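Taken together, the values in this text are just the output of simple stated rules run on the coordinates, not laboratory data. This is a predicted model, so every value here is computed, not measured. Quick reminder, even Gly has a Cβ in these numbers, built from the backbone with ideal geometry, and neighbours come from all protein chains shown.
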Amino acid sequence: MSENNPDTDGWREATLLVRGGTIRSEHRETSEGLYLTSGYVYGSAEEAEASFSNKLERYVYSRYANPTLTMLEDRLRLIEGAEACRTTASGMAAVYAALVCQLKAGGRVVAARALFGSCLYILQEILPRFGVEVELVDGIDLDQWAAALSRPTDVVLVESPSNPTLEIVDLPAIAELAHAAGARVIVDNVFATPLLQKPLKLGADIVVYSATKHIDGQGRCLGGAVLGDTAFIKDVLTPFLRHTGPALSPFNAWVMLKALETLPLRVEKHCRNALEVARFLDGRKGLGRVLYPGLESHPQHALAMRQMTAGGTVIAFELAGGKDAAFRFLNALKLIDISNNLGDSKSLICHPATTTHQRLSDADKAHLGITPGLLRLSVGLEDAADLRDDLEQALAAAS
Ligand SMILES: *Cc1c(COP(=O)(O)O)cnc(C)c1O
């Protein structure tokens, strides 16, 4: 599988993003090949037998492995600095598999409360059905982490920056507490992208992505990835994926391989635009809190800058006039689209309280800071001046 794989030793990140993991076929194509095939053929019955008894390592079925997926998995592994990677059909398939492949009845998970809505559903609705105990803590409160992790625990799940309020979790501190409790730490690194934050270097054991977000970054494909050490990925996660089947489409993997080539260019522009828009919004009349980890006014700005190389691509801000003002503002936007996706080249905005986090009780929303006036803006690649103009006119219309 790897004889056509170039020696990537010493290559820097941008080079790995363009060339890492490339496997060239006998046709010596320039671009990565798209192997849109579900199965593979054997030269003989003996070869088929050897393949199934693992005496021969080769492709047998695309639910197990596929050359286009192998290229994407190798490229992601190289940029993350992980030993191994498996891709999945969506980010939620990645989160679910990373959790469930290592849990059993009687197990225990500790997680930060501020999580992507569907991750909370898995923790609160699905895992308890199978006898897994789940304890949620306030991600920024180290005392709560210490109390929860004073008991043996199997898995810790955190997201930093968190969705939608952009809280920053102190990853090295949590990793130390988690490891002392015997737990593996999974970091959902979607908001930071693989470029701005390296959770494995900060003490995490496993990193998960929704590749739907910045990795595709152009609103086309769903996908996900799980990265970690070889023992976990190969022996624990891979059998679970093989037999439960959340395999990524080779076509989507190919789109993501091509998208990775431009990831640094896009993420840098996203971050520059986001900082400019955050500065424009901060302190503006008609607005309450403006939350962006790259702003000095963010409550954990110093921690954010220790863990990340830039503030990210998402801003949360609050219309002082509550839900009515927020809806008037959304409906007045002419350029920025109302959409619950993020990490797209198009700027997208949503109202978490009535969309992504609608399922939560009013008390939980209030506790998480998901107020009726809160909006989450994923800043795209447009000209920042056009974004400012659109926000300005919508603010005028909402007040
Ligand atoms: C989008 C997202 C997910 C889920 O990914 P899908 O590709 O939509 O399944 C998980 N975590 C975070 C932080 C996300 O933003």
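Could you give the length gained on full extension between Q358 and L36, defined as 0.36 nm per residue of separation minus the Cα-Cα distance, in nm?
Here the answer is 112.1 nm.
Enumerate the amide H contacts of D188 below 5 Å, restricted to partners 5 or more residues apart or on another chain; note that Pro and chain-start residues carry no placed amide H.
V158, E159, S160, V208
Hey, can you grab everything whose amide H is under 5 Å from the amide H of L287? Only 5+ residues off in sequence or another chain; H modelled, so Pro and N-termini drop out.
Here A320 satisfy the definition.
If every alpha-carbon in the stretch 263-398 counts as one equal scatterer, what log10 I(q)/I(0) does Debye give at q = 0.10, 0.18 1/Å?
These q points yield log10 I(q)/I(0) values of -0.30, -1.01.
Using a simple spin-label model with points 7 Å from Cα along the Cα→Cβ vector, what separation in nm is obtained for S118 and E26?
4.0 nm
Among G139, G283, G321, whose mean-square fluctuation peaks in a Gaussian network model of the chain (Cα, cutoff 10 Å)?
In this elastic network of the chain, the residue with the biggest mean-square fluctuation among G139, G283, G321 is G283.
Which percent, nearest 5, of DSSP beta bridges in the chain are antiparallel?
Percent antiparallel among DSSP bridges in the chain is about 55.
Find the eigenvalues of the gyration tensor of the Cα atoms of the stretch 314-391, then list the square roots of 5 times those eigenvalues as equivalent ellipsoid semi-axes, largest first, in whole angstrom. Present the calculation step by step, with values, prior to reporting the outcome.
On the way: eigenvalues 102, 36, 18 Å².
Equivalent ellipsoid of the stretch 314-391: 23, 13, 9 Å, largest first.
Using the 10 angstrom Cβ neighbour count as an exposure proxy, how do L319, L195 rank, fewest first?
Working: L319 26, L195 21.
In increasing order of surrounding Cβ atoms, one gets L195, L319.
Measuring from a point 7 Å past the Cα of A180 along Cα-to-C-beta, which residues in the stretch 129-147 have an amide N at less than 20 Å?
So the set is 135-147.
For a Förster distance of 45 Å, can you work out the FRET efficiency between the beta-carbons of E49 and R129, rounded to the nearest 0.05?
The value I calculate is 0.65.
Taking the Cα centroid of the stretch 46-112 and of the stretch 198-251, what is the distance between the two, rounded to the nearest whole Å?
Each part's Cα centre sits 7 Å from the other's.
What lysines could a cross-link reach from K269, if we take a straight Cα to Cα line under 26 Å and drop same-chain neighbours fewer than 8 places away?
Partners within reach: K198, K201, K213, K258, K334, K346.
Helix 263-281 versus the longest principal axis of the chain: what angle, 0 to 90°, nearest 10, using Cα atoms?
10 degrees
Using Cα-Cα distances under 8 Å and only pairs 6 or more residues apart, what relative contact order does the stretch 1-136 have, in percent? If you can, show how the numbers build up before the last one.
Values: 125 pairs, mean separation 25.1, N = 136.
Dividing the mean separation by the residue count of the stretch 1-136 yields 18 percent.
Once you charge only the Cβ atoms, +1 for Lys and Arg and -1 for Asp and Glu, what is the size of the charge dipole of the stretch 327-399 about its Cα centre, to the nearest 20 debye? Each step should come with its number before you reach the end.
Values: 7 positive and 10 negative charges, 63 e Å.
The calculated dipole for the stretch 327-399 is roughly 300 debye.
In whole Hz and in residue order, list the ³J(HN,Hα) couplings for the stretch 54-62 that follow from phi through the Karplus curve 6.51 cos²θ - 1.76 cosθ + 1.60, θ = phi - 60°; x for Gly and Pro.
6, 6, 10, 8, 7, 6, 10, 6, 6
For A14 and L103, what does the FRET efficiency come to when R0 = 45 Å and r is the distance between their Cβ atoms, rounded to the nearest 0.05?
Efficiency for this residue pair is about 0.75.
How long is the chain along each principal axis, judged by its Cα atoms, biggest number first, in Å?
74, 50, 35
On a C-alpha basis, how far is the centre of the stretch 129-196 from the centre of the stretch 315-392 in Å? Whole number, if you could?
The two parts, judged by their Cα centres, are 26 Å apart.
What is the stretch 194-300's relative contact order, in percent, from Cα pairs under 8 angstrom and six or more apart in sequence?
Normalised by residue count, the contact order of the stretch 194-300 is 20 percent.
Counting only DSSP beta bridges with both residues in the stretch 78-234, tell me the antiparallel percent, nearest 5.
35 percent
Which parts of the stretch 280-300 would a label at S399 reach, counting a residue when its backbone N lies under 15 Å from a point 7 Å out along Cα-to-Cβ?
280-290
If R0 is 41 Å, what FRET efficiency do you get for K285 and K201 from their C-beta distance, rounded to 0.05?
About 0.50, to the nearest 0.05.
Report, in deg cm²/dmol and to the nearest 500, the calculated mean residue ellipticity at 222 nm for the chain, where each DSSP H run with n ≥ 4 adds -39500 (n - 2.57) and the sum is divided by the residue count.
Mean residue ellipticity, 222 nm, calculated: -10000 deg cm²/dmol.
What size of dipole, in debye to the nearest 20, comes out for the chain about its Cα centre when the only charges are +1 on Lys and Arg C-beta atoms and -1 on Asp and Glu C-beta atoms? Walk me through the intermediate numbers first.
Details: 39 positive and 48 negative charges, 101 e Å.
Dipole magnitude for the chain comes out near 480 debye.
So what are the ³J(HN,Hα) numbers for the stretch 159-173, from phi and the Karplus equation (6.51, -1.76, 1.60; θ = phi - 60°), rounded to whole Hz, Gly and Pro as x?
Residue by residue, the stretch 159-173 yields 10, 8, x, 8, 9, x, 8, 6, 6, 10, 9, 6, 5, x, 5 Hz.
Given Cα pairs under 8 Å that are at least 6 residues apart, what percent is the relative contact order of the stretch 263-398? Mind showing how you got there, number by number?
On the way: 233 pairs, mean separation 39.5, N = 136.
That works out to 29 percent.
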